[in-house]
Amino acid sequence: MKIHLSSVFVDDQDKALRFYTDVLGFVKKHDVPLGEDRWLTVASPEDPDGTELLLEPSGHPAVKPYKTALVQDGIPATSFAVDDVHAEFNRLRELGVHFTQEPLEMGPVTTAVLDDTCGNLIQIVHSK
Amino acid sequence: MAEDVFKALADPTRRRILDELVERDGQTLFEICTRLVTKHGLGLSRQAISQHLAVLESAGLVLSRRQGRYKFHDLNTEPLERITTRWLRPDAAESAP
């Protein structure tokens, strides 16, 4: 068994697609119209057939309070691996991305936490 | 107020929280929890750490601020200065016991 799909709840799928592709650098994988919403997934250009990330609409009434509570306490919705957190932090900050946690070295891992502009915090991480 | 400061400082976990805030102001609850568990092996629940932060806040040693949808915690050393001056300059002593 392996992880095929993971998801984040996004406030606006168009906006999310722009952020996850233009800013973070993922590539669009599937975009299937489903009534008002879309089955919209992105993947890593480094592993286009690997795990997909579903940009899932956050219309369900339980989602907003859940996201609000996580963001207030700084808890990331999910985590992405990068080669160098410091380099990625500098690159994304230049693009206007807001971080709630600047790079933090904790033994073998370095992490940072950013706002995806769609209601979530995302952790980036690298291991030595 | 001074009593609250002594109570807040009496707990080793709360002293660790202050140690970590010295390193960087403006931490989220998530960052504080992460630092305590990875750097000090203190695997407390978020609720427990929230309660420790509340004690530090009521003593004025930690100030929390909401910025949009986020909440950040900053160190405030001003109550400590009052404690040191209490004994360093007895003529400026607090009236509280």
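Data for the structure
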| read-out | value |
| --- | --- |
| Hey, residue B:37 part of a helix (DSSP H, G or I) and farther than 15 Å from residue B:75 by Cα or not | yes |
| Neighbours by Cβ (under 6 Å, 6+ apart or cross-chain): first from region B:1-22, within 22 Å of residue B:86 (Cβ to Cβ); second part of a helix (DSSP H, G or I) and hydroxyl-bearing (Ser, Thr, Tyr) | B:4/B:58 |
| Answer from B:17, B:49 - the residue that is in a helix (DSSP H, G or I) and closer than 15 Å to residue A:75 by Cβ | B:49 |
| Condition check for residue A:23: under 23 Å from residue B:28 (Cβ atoms), away from chain B (no Cβ under 14 Å) and surrounded by 13 or more Cβ atoms within 10 Å (Cβ to Cβ) | yes |
| Count of residues meeting criterion [among the charged types (D, E, K, R) and in contact with a Ser or Thr (Cβ under 8 Å, 6 or more places away or on another chain)] in region A:32-67 | 4 |
| Residues located in region B:22-61, provided they are over 16 Å from the mean Cα position of the chain (by Cα) and closer than 16 Å to residue A:113 by Cβ | B:34, B:37, B:38 |
| Residue B:72 vs. criteria part of a helix (DSSP H, G or I), modelled with pLDDT of 95 or more and either within 16 Å of residue A:100 (Cα to Cα) or more than 14 Å from chain A (Cβ to nearest Cβ) (or both) | no |
| Cross-chain or 6+ apart pairs with Cβ under 7 Å, region A:91-119 first and of a type in the set (A, V, I, L, M), then assigned to a loop (DSSP other than H, G, I, E, B) and buried (at least 18 other Cβ atoms within 10 Å of the Cβ) | A:113/A:74; A:113/A:76; A:114/A:97 |
| Residue match in region A:101-108 (condition: more than 14 Å from every other protein chain (Cβ to nearest Cβ) and open to solvent by less than 50 Å² (accessible area, probe 1.4 Å)) | no |
| Of all residues making up region A:11-40, the number that are in contact with a strand residue (DSSP E or B) (Cβ under 7 Å, 6 or more places away or on another chain) and within 15 Å of residue A:52 (Cα to Cα) | 14 |
| Residue within region B:28-46 that is touching a residue at least 40 places away in the same chain (Cβ under 8 Å) and not polar (S, T, N, Q) present | yes |
| Those residues of region B:62-71 which are over 15 Å from the mean Cα position of the chain (by Cα) and among the hydroxyl-bearing types (Ser, Thr, Tyr), in sequence order | B:70 |
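The values are calculated or read from the model by the stated rules, or taken from the named source; none is laboratory data. All figures in this text were calculated on a predicted structure; none of them were measured in a lab. Because the Cβ atoms are built from the backbone with ideal geometry, glycine has one as well, and the counts that use them run over all protein chains shown. Protein only, heavy atoms only, side chains kept; ligands, DNA and RNA dropped before computing areas. Shrake-Rupley method; radii C 1.70, N 1.55, O 1.52, S 1.80 Å.
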